[in-house]
Amino acid sequence: MPAHILVAGGGIGGLATALALSRGRHRADVLEQAASFGEIGAGVQLGPNVTRRLQQLDLGAALAPVAAQPDVLVVRSAGSSGAELGRLPLGESMRRRYGAPYLCIHRADLHAMLLDAVRARGAGTLVTGAHIEQVELSDDLVCVSSTDARAWEGEAVVGADGLWSVARRRLDTHGAAQPPRATGHTAWRALVRQADLPAALRRPGVDVWLGPRLHAVAYPVRGGDWLNVVVIAESGPAGDARDWDQSSSLAALQAATGRIGAPLQALLEAMPGWRAWTLSDRPPLASAAEMAHERLALVGDAAHPMAPYLAQGAGMAIEDAVALAEALGDGDAAAVPAAFERYAAARWQRNAQVQQRARRNGRIFHATGPTRLGRDLAMRALGERLLDQPWLYGG
């Protein structure tokens, strides 16, 4: 008989997990702390490794009308020249190399697509207002309780409750109970209709600007009709580290970035408004024990929050979801502990590698002095060879 699994968290990772498990006929009840299912934020980049998993979940057709498929990624200097440093072909080039497209999507559109698919499967209950307070495990059952004294029982629990995960604290592993680490970086994001921008500022592809202690990214979403812009600078906290949707301003952003080149400055000034959040992460995973134990498994940021310098946070959560479902297959409740152990063993090293590479990218993107000059020379000389990531996109 299929297992009854409780999924703590109804974000992208939680919904992807519920959908993947339902395909093995398991019942997956999703417990979301918000009053309704929804998503905030702006854009998400989905490399071929991620879109391939979404195709496995039969979401390829649903992706097409809401995502944008950029043809190229261009890296530029954030300085006065705005000079091109390197480029990576996307579009059909990615499809040929990796068998799946490179897409950009609004986070809310990805979340809504997953939610619709979970509802259509009808293989579990969707619960809102569930502020998880405690996770209890026994040999055969799990119990999840909330702050309003509600409780749910199942045969396994998947923690998809993000950076400040309650489920993570239940794992008896080194450092699991430690709070996340503030990175000293703050991110600002903005979203605008392309039609509202001057023609020179519209972006059909992915553009990246690198500068001392900062970088910026712009790419299309919502079928290309909207433009998502993110700037990350080494700056003090924007506010409450747990709040990643804080109101901000161009003035606050400019105070953090200092002087930048006119081409990028013009784009930032054209944005209708800015939101900000303080970036936090955890050390890269050191063992499979940090992802699962007995009847508890973690996915996404609950297990391996990562800096956004490889654009793989949502992607690794979706990879986790598919891998977890594959490990369990159509096994029953008795098979859960061994399946979760296989899942963690298969995933922890890849997730740790992405965490490590993302941190390294942050140092490279924000380099100063001779390191910055060396980076720019290498980018101009090697371009596509440096920007492509076969180990990641082919995985």
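The values are calculated or read from the model by the stated rules, or taken from the named source; none is laboratory data. These figures come from a predicted structure and were not determined experimentally. All Cβ positions, even for glycine, are placed from backbone atoms using ideal geometry, and neighbour counts span all protein chains on display. Quick note on the areas: whole protein, heavy atoms, side chains included, nothing else; ligands and nucleic acids left out. Shrake-Rupley method; radii C 1.70, N 1.55, O 1.52, S 1.80 Å.
Data table
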item: D332 versus T147: modelled label distance in nm, points set 7 Å from Cα along the beta carbon direction; result: 3.9 nm
item: Volume in Å³ per residue [convex hull over Cα atoms, computed for the range 1-140]; result: 165 Å³
item: Expected-Rg normalisation [2.2 N^0.38 Å, Cα atoms] applied to the range 121-201; result: 1.69
item: Over 14 Å [Cα-Cα, the range 180-233], rounded percent; result: 56 percent
item: Carbon and sulfur %, accessible surface of the range 46-193 computed with the full protein complex present, 1.4 Å; result: 47 percent
item: Relative packing of peptides 374-384, 259-269 - highest average C-beta neighbours within 10 Å first; result: 259-269, 374-384
item: Length gained when the stretch D58-Q349 is fully extended (0.36 nm per residue, less Cα-Cα span); result: 102.1 nm
item: Alpha-carbon spread of the range 320-395, three principal axes, descending order, Å; result: 57, 21, 14
item: Shape call, the range 1-51: gyration tensor on alpha carbons, a/c limit 1.5; result: oblate
item: Cα-based Rg of the chain normalised by 2.2 N^0.38 Å, two decimals; result: 0.98
item: Contact order normalised by residue count of the chain, Cα under 8 Å, 6+ apart, percent; result: 23 percent
